[in-house]
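Questions regarding the structure given below will be posed in turn.
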2 protein chains.
Amino acid sequence: MTRGRQLPGSVMAAVKRQDAGAERPRNLRVLGIDTSLRSTGVGVVDFDGTSMRCVDCRPIKNKPKALLSACLQHLGSELGEYLREYKPDEVALEGIFYFRNARTALLLGHARGVMIAECAKAGLPVYEYAPAKIKQAVTGTGSATKTQIQRMMMRCLNLQELPQEDAGDALAIAITHVHNISGVAALAPEPI
Amino acid sequence: MTRGRQLPGSVMAAVKRQDAGAERPRNLRVLGIDTSLRSTGVGVVDFDGTSMRCVDCRPIKNKPKALLSACLQHLGSELGEYLREYKPDEVALEGIFYFRNARTALLLGHARGVMIAECAKAGLPVYEYAPAKIKQAVTGTGSATKTQIQRMMMRCLNLQELPQEDAGDALAIAITHVHNISGVAALAPEPI
């Protein structure tokens, strides 16, 4: 589906900085999750210290009229299966820091809780990034649209076609984490 | 720990109404859950059609400084074990309908999501009740304090001692569900 691609200059510089006193594994598989009750995006990116490769990306969907309990159970079981299949080393999520609608935030909280618990059950560290930081990291602007992110993911990871939009967001989250742990960010991320 | 106790008159009338065209099982085990990230209360109540009995109640606690992911994983695994041990037929939760603090609501949403998914995984129907409705059902007033609920649970279920406060709330939620499915409520509850 994809081929490896050289990282931008800033990331390359960071990788070189990391080489000096490297503590992180050079071959890292990151799972990005764009959580939502009805359509959660998941995307796996491999990073070998110099380039990134998309291993898989897809949406996990729930039926529009399914009960909340059925949706949450489905998300958890699908993610569990995905973790067993792709065996990521670390997981990154989109953080929720601004609430336009508390009811929506609560529902999203339900889905996020299930995903985080599933990752923790698999022994994986989980990190979160602010939506604007993700957009900034992958497109250079904090106000990028979903379509801009999809196009950037296709170009950046040499995909043959545009990823589904939630899956594209998931890849963007995974790439943000790779950028961050490569040292582009001033501070090392803290697991949640 | 407890002995069965006759239900109040209103519930008894409802039970008689139910007898006429009974569709619900006469022996029902209800698990009540008072969800919280740091201390979730769980309580199991048996209802034989005329009286209720407390089977167990306890808090599931998380360490104050544990990571969110560790807390959620612990809640899920403890509840899973509890479900296997006590095998309830139905589950009732406190609903969240009013948000004083969206950040708190989101964190509570994480914990609720994990609990609901765990119950759904065990094939159990999950119901929710508004906090004021629970207080009204067990104390007669929608503004009862935690202590009033603890005392009422001790009296109503013939407990030997005051239940821990979150465990007491969980019992109150279970009793509200029993009241509701016995026909005290005008409408049958819908699973979430």
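The values are calculated or read from the model by the stated rules, or taken from the named source; none is laboratory data. The shown structure was predicted, so the numbers you read here are calculated from the model rather than taken from an experiment. Here the Cβ is made from the backbone with ideal geometry for all residues, glycine too, and neighbour counts use every protein chain on show. For the accessible areas, the whole protein counts, side chains as well, though only heavy atoms, and no ligand, DNA or RNA atoms are used. Shrake-Rupley method; radii C 1.70, N 1.55, O 1.52, S 1.80 Å.
Going through the range A:88-101 one residue at a time, which ones are open to solvent by 30 Å² or more (accessible area, probe 1.4 Å) and modelled with pLDDT under 90?
Step one: of the range A:88-101, the residues open to solvent by 30 Å² or more (accessible area, probe 1.4 Å) are A:89, A:94, A:97-101.
Listed by number, the residues that qualify are A:PHE97, A:TYR98, A:PHE99, A:ARG100, A:ASN101.
Let me ask something else. Report, by residue number, each residue of the range B:81-103 that is more than 10 Å from chain A (Cβ to nearest Cβ) and either assigned to a helix (DSSP H, G or I) or not hydrophobic (A, V, I, L, M, F, W, C) (or both).
Selection gives B:GLU81, B:TYR82, B:LEU83, B:ARG84, B:GLU85, B:TYR86, B:LYS87, B:PRO88, B:ASP89, B:GLU90, B:GLU94, B:GLY95.
Going by what's in this entry, would B:VAL55 be described as out of contact with any Leu (no Cβ under 8 Å at 6 or more places or on another chain) and either hydroxyl-bearing (Ser, Thr, Tyr) or at pLDDT 90 or above (or both)?
Details: out of contact with any Leu (no Cβ under 8 Å at 6 or more places or on another chain): yes; either hydroxyl-bearing (Ser, Thr, Tyr) or at pLDDT 90 or above (or both): yes.
When the stated conditions are applied, B:VAL55 passes them.
Can you tell me which residue within the range A:122-132, out of those that are touching a Ser or Thr at 6+ places or on another chain (Cβ under 8 Å) and crowded, with 19+ Cβ neighbours inside 10 Å, is farthest from the other protein chains (Cβ to nearest Cβ)?
Result: A:TYR129.
Could you please find all residues in the range B:30-70 being in contact (Cβ under 8 Å) with a residue 40 or more places away in the chain, surrounded by 17 or more Cβ atoms within 10 Å (Cβ to Cβ) and in a loop (DSSP other than H, G, I, E, B)?
B:THR35, B:SER36, B:LEU37
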